[in-house]
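Student: What follows is a structure written as structure tokens; I'll ask about it next.
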Amino acid sequence: MNKTSFVSKISNQQSYYSPDVWSKVERELDKKRKRRILLFFLFSILLMTSIGLGSFYFSQKNNASTQQSDIKKQNIEDPTNDIPKP
Amino acid sequence: MLTIQEEEVLIRGCLTGERSAQKLLFDAFAGKMKTLCMRYSKDPSFADDNLQEGFIKVFTNLNQFKGSGSFEGWVQRIFIHTIFRSNSKIKSLQSSNDRKEDIIDLTFEENVFSKMSVSNIMNLIEQLPHGYKTVFNLFVIEGFSHKEIADLLKIDEATSRSQLFKARKQLQEMLTSIESIKSYTH
């Protein structure tokens, strides 16, 4: 629908607004920005902790399996290892 | 009034979080948006709350503006949704199933309104019952379709059509009586 002249007259009209509105908007935007930064920071910490814990777990698992395969290897090389010595 | 280029520069600035660009955009639209808020609530403090809430939404959702339509129209829609989400009273329209013509001819209003001042026109619209005024403003001034109005106010499209029809009828009656008083006194 084309805007008729009375419609544009009404919709282009400006009203007085309190100068406090901008400071409130600014404050709210700052709060949102801080919240975003905090969330990002928490997420990074969580991510880093998960990576750290994950790599620790896998390195432990690897160590355990290496030790096991070392024992097996030793057993293969020296089969008498399995026989309890008197 | 901003040019399209100025608008684009300010939008880019706002997207990077520049406070000066946000302030300039705020200054460019605040007066008009306050008028829009006042159309749906006569309480200035409520209108200021909506103004604040609307601008926060504009700045935080600016990345969703695709640049395909008018920026002012996009801002206006955000404000309308903000106003109607925060004001449950506006939603309480009576349901009705009258079905009237969708395409409306504003010639009558245009002829009479063009001779009147903005404040007089607004006073006249203000005298309409709440539901009629809301639908009239949304359809005629904001340019919403009946479907959009129905979605926004959670009413039937038929109710929106009917409210608009009644609003126009009442406005025409008021305008006719003003006209006849004028012609009698002159």
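The values are calculated or read from the model by the stated rules, or taken from the named source; none is laboratory data. Predicted model, so just to flag it, every value in this text is computed and none were measured. Neighbour counts are summed over all protein chains in view; Cβ atoms, including those assigned to glycine, are modelled from backbone coordinates with ideal geometry.
Student: I'd like to know if the range B:26-40 contains one or more residues that are touching a helix residue (DSSP H, G or I) at 6+ places or on another chain (Cβ under 8 Å), of a type outside the set (A, V, I, L, M, F, W, C), touching a residue at least 60 places away in the same chain (Cβ under 8 Å) and within 12 Å of chain A (Cβ to nearest Cβ).
Tutor: Checked the range B:26-40: at least one residue is touching a helix residue (DSSP H, G or I) at 6+ places or on another chain (Cβ under 8 Å), of a type outside the set (A, V, I, L, M, F, W, C), touching a residue at least 60 places away in the same chain (Cβ under 8 Å) and within 12 Å of chain A (Cβ to nearest Cβ).
Student: Shifting gears a bit: Within the range B:156-167, does at least one residue satisfy the condition of being surrounded by fewer than 16 Cβ atoms within 10 Å (Cβ to Cβ), of a type in the set (A, V, I, L, M, F, W, C) and over 17 Å from A:Ser11 (Cβ atoms)?
Tutor: no
Student: Is the range B:151-160 home to any residue that is free of Cβ contacts under 8 Å to residues at least 60 places away in the same chain, over 23 Å from B:Glu72 (Cβ atoms) and part of a helix (DSSP H, G or I)? Let's see the steps before the verdict.
Tutor: Start the filter on the range B:151-160 by keeping residues that are free of Cβ contacts under 8 Å to residues at least 60 places away in the same chain, which leaves B:151, B:157, B:160.
Still in the list and also over 23 Å from B:Glu72 (Cβ atoms): B:157, B:160.
Filter once more, keeping what is part of a helix (DSSP H, G or I): B:157, B:160.
Scanning the range B:151-160, I find at least one residue that is free of Cβ contacts under 8 Å to residues at least 60 places away in the same chain, over 23 Å from B:Glu72 (Cβ atoms) and part of a helix (DSSP H, G or I), so the answer is yes.
Student: Filter the range B:105-150 down to the residues that are of a type in the set (Phe, Trp, Tyr) and assigned to a helix (DSSP H, G or I), then identify the one that is modelled with the lowest pLDDT.
Tutor: Looking at residues that are of a type in the set (Phe, Trp, Tyr) and assigned to a helix (DSSP H, G or I), I get B:Phe108.
Student: Residue under question is B:Glu7, and the condition is that it be more than 8 Å from chain A (Cβ to nearest Cβ), touching a residue at least 24 places away in the same chain (Cβ under 8 Å), closer than 30 Å to B:Gln127 by Cα and out of contact with any Gly (no Cβ under 8 Å at 6 or more places or on another chain); does it hold?
Tutor: Values: more than 8 Å from chain A (Cβ to nearest Cβ): yes; touching a residue at least 24 places away in the same chain (Cβ under 8 Å): yes; closer than 30 Å to B:Gln127 by Cα: no; out of contact with any Gly (no Cβ under 8 Å at 6 or more places or on another chain): yes.
No.
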